Amino acid sequence: MSAVSPTAIDDVLSLPIVRTGLVAHRVQPRVPGRFVDLPPEVHSQVAAALRRQGITRLYSHQAEAFTAVRSGRDVVVVTPTSSGKTLCYNLPVLDHLARDPNARALYLFPTKALAQDQADELYGLINGLEVASSSLASPSPGTPLPPVERGTVSEGTPLPQRGRGAGGQGGLLQIKTHTYDGDTPESARRAVRLAGHIVITNPDMLHTGILPHHTRWHRLFENHRYVVVDELHQYRGVFGSHLANVLRRLARICQHYGSRPQFICCSATIANPVELAEGLTGRDVVAIDRNGAPTGEKHIVLFNPPVVNRQLGIRASSLVSAESIAAELIGRGLQTLLFGRSRVAVEVALTRLREKVRQFRVPGDRIRGYRSGYLPLRRREIEQGLRDGSVRGVVSTNALELGIDVGGLQAVVLAGYPGTIASTWQQIGRAGRRADVSLAVFVASSNPLDQYLVRHPEYLFERSPEHGLINPDNLLIRVSHLKCAAFELPLGDVDLADPTVLELADLLEYERVLHRSAGRYYWSADSYPAQQVSLRSAATENVVIVDTTDLPTVLGEVDRFAAPLLVHEGAIYIHEGQQHQVERLDWENKKAYVRRVDVDYYTDASLAVDLKVLDVFEEVPAPLATHAHGEVRVNFQPTIYKKLKLDTRENVGWGTIYLPEDELHSAGYWLALAPALAERFSPPELESGLLALANALAHVAPLHLMCDPRDIHVFPQVKSPHTQLPTVYLYESMPETVGFGEHLFRVRAELFATAEALIRECGCPQGCPSCVGPVDAVGSTGKDVALQLLAALRETSHPHPNRRS
């Protein structure tokens, strides 16, 4: 596939469709790589295997990682997309296995697709390793070994047995690796448990399929040498808090069997990779963050579609604009990947893009779709087509965002902000993976975060402002995993030395879940606890969604606190691109019954909320405002839902929701306006300004939290019962907390500056959904008052806190 010429990029940038919405064009220059020779400590047969793949030198960060791991350090590698992070863990692991045939390693990937792709790369290295060892051990070095089996072991087939084992610098190596997930045939699982040197899996399978059955995995745990955690930045919030507890259970079981594995973590660029890695693993880690890989010249374009309704702040469709740009790129010979925000968007864009490229004489079947609902063989076929060039364009969800090898893509188009700066760079990095010239186009939607980014390109091009936050000690999450740990091994002296564990164990004994005997706590319930704990939710009760269109079929689950908003009766619920209407919600039995429909609207539920502060952790008094964070209780009840058209968000109907009030214990950050500030405005102006301010803060908070916008809710009160002042609360929409409220308290100055810039630079006269909310909600003065409040808040957000117990 030929490289992209600068002329081709100039042609694209001069197109009328691009020129009319181009707001920024940055060029990242080509950077040569920094190479070092293979360290002499690398096992000779591993070095030979690398040479067979054309690897005679390492990038400097790969060599640095090898040295750190070999010295016994736990590490986190933080380098850009396509910088060779995979070899940072494959090299030290294979080097160790070549010396010690009994050693074992566990690889964790967030998705099965990524696990399979990384397994393919590992198999290639192992093939070369076995050929190299055969050449050194055999008098007939030209005789090749059969290739190592790829993927999950075929049903009924044992793992391949080769040679006499590994060790030293000679002898025939036999390193066996296989994926172990829900698709692994039952007949093959025993072979993987007993003979797999490298087990490739995901956090969910480790949680439910490996740790509870550790006695079957004794060879892994007795000889466990390495744990690889790839895509570390994906493990944040509730998911990361769960994984930290899963890794605590893993370390506990390893200690039981006499092993203590090292952790090798890899992450995209975030603000706190070391903090996140240490929080997940419970170890001190060393950061490897000086990238030695070469990078090609990359052109990054920010595109803002034209405004079609200034009053409502609505712009032309970002998806339609992205399709048109992608068609032009494909028509000019650039292999292009278009990222959509949802499965529905992907399928719609795929159909339209196939039509648009016909004007360039590109057959429609050379444009493919890619998302998690596709069968594995189909996904492998598309990935291979991208690598060999037979596929000229792909429309994908974020399923292709992670490190799956798709060859030398020349251009990517992002239809909307992916949700985090880290994900944005991951998607941008999919183009130009072979150090050629490449192009990335970010097409903004009307969403407030999108609009902020196109008006502030520096936010994207400077170091990621986001922190990956977790809270492994979230009480609900911790007690769930304490049950799992007790099921796996009795809680003994080491566990009970933690006062919190002892207190929770006594509580579980009272509930007859645990039984105490001779100072140890044993699992005594009939249930299997890991099956009842979802790693994606802090809630212990989920609502099951049942499709009744044909035969009753379970579509999925939603946690108890999100259910009133998403699956109330009359709601439109979307699953894998298909709309479903909720016909009945059985709240008592936690089941929602839906049927397939095809409508042109979605639903948006409203909540009646009451918030009470239970405890203040820190407080900062100041002349114009007081800032604090702490524990809150939120009582909420859904009241009505609106039917909003998919394309224009026009309200086309409404309905009443009949559900009981529910309660959420969480944490939050709040700011209370002092009388000296509040009295500058009339009561109606203040009420409008508080709502506008709350909406703006909610819009920009995810930029600082690396979270989904739905993870943060706001609640403005003209006179709060707690502060007796006009107050805006930002609280976490999940039980207990993962630390979002405390972090917003710490970065409040940056939060206010971001919100002020969002409002000030929006072109609407009095408010719109892209800044403070529509004018009919916030009033004609809301936008102006919010700006005045933010200007005052920015000046009073720095004093030192007073801590409260």
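The values are calculated or read from the model by the stated rules, or taken from the named source; none is laboratory data. Only a predicted model underlies this, so the values are computations on that prediction, with no experimental measurement involved. Neighbour counts run over all protein chains shown; Cβ positions are idealised from the backbone, glycine included. With ligands, DNA and RNA removed, areas are computed over all heavy atoms of the protein, side chains included. Shrake-Rupley method; radii C 1.70, N 1.55, O 1.52, S 1.80 Å.
Quick notes on this one:
- Computed from phi, the 3J(HN,Hα) profile of the range 256-266 under the Karplus parametrisation 6.51, -1.76, 1.60 (θ = phi - 60°) reads 4, 8, x, 10, 9, x, 7, 9, 10, 10, 10 Hz, with x in place of Gly and Pro.
- Contact order relative to length of the range 493-592, as percent, for alpha carbon pairs under 8 angstrom and 6 or more apart: 16
- Amide H partners (placed H, <5 Å) of V546, local residues excluded: L555, A592, Y593, V594
- Rounded D (µm²/s) - the range 714-769, Kirkwood Rh over Cα pairs, Stokes-Einstein at 20 °C, 1.002 mPa s: 158
- Gyration tensor (alpha-carbon) shape descriptor, the range 254-352, a/c threshold 1.5: prolate
- Interchain or long-range residues, amide H under 5 Å from V441's placed H: V301, V412, V413, L414
- Neighbourhood net charge (13 Å Cβ-Cβ; Lys/Arg +1, Asp/Glu -1) for A485: +3
- Amide H contacts of N471 (H built 1.01 Å from N, in plane; Pro and chain starts excluded): S241 sit under 5 Å, all sequence-distant by 5 or more or on other chains.
- Phi-based couplings in Hz for the range 440-456 (Karplus 6.51, -1.76, 1.60; Gly and Pro marked x): 10, 10, 9, 9, 7, 9, 6, 4, x, 5, 4, 5, 5, 5, 6, 8, 10
- The Cys residues in the chain with no partner Cys Cβ within less than 4.7 Å of their Cβ are C88, C254, C265, C266, C484, C707.
- Taking 23 Å as the straight-line reach from the Cα of K642, the lysines in range (excluding those fewer than 8 positions away in the same chain) are K591.
- Contact order for the chain, expressed relative to its length and based on alpha carbon pairs under 8 Å spaced 6+ residues apart, stands at 11 percent.
- Every helix of 4 or more DSSP H residues in the chain counts as -39500 (n - 2.57), and over all residues that averages to -10500 deg cm²/dmol at 222 nm.
- Computed over the range 170-236, the ratio Rg/Rh where both radii use C-alpha atoms and Rh is Kirkwood: 0.99
- For the residue pairs K112/K176; K112/K590; K719/K783, alpha carbon separations beyond 23 Å are given by K112/K590.
- For the range 643-770, the spread of Cα positions along the three principal axes, ordered from largest to smallest, is 43, 39, 29 Å.
- Whichever aspartates and glutamates have a C-alpha closer than 20 Å to that of K356, once near sequence neighbours (fewer than 8 apart) are set aside: D11, E323, E328, E347, D365
- Note, ³J(HN,Hα) from phi for the range 239-249, Karplus 6.51, -1.76, 1.60, rounded to Hz, x at Gly and Pro: 4, x, 5, 5, 4, 4, 6, 4, 5, 4, 5
- Charged side chains reduced to their Cβ positions (Lys and Arg at +1, Asp and Glu at -1) give the chain a dipole of some 2360 debye around its Cα centre.
- The relative contact order of the range 41-114, computed from alpha carbon pairs under 8 Å that lie at least 6 residues apart in sequence, is 34 percent.
- Of interest is the spacing of the C-alpha centroids, which for the range 388-433 and the range 589-645 amounts to 34 Å.
- In the full protein context, the chain carries 40 Å² of accessible surface per residue, based on a 1.4 Å probe and ignoring ligands, DNA and RNA.
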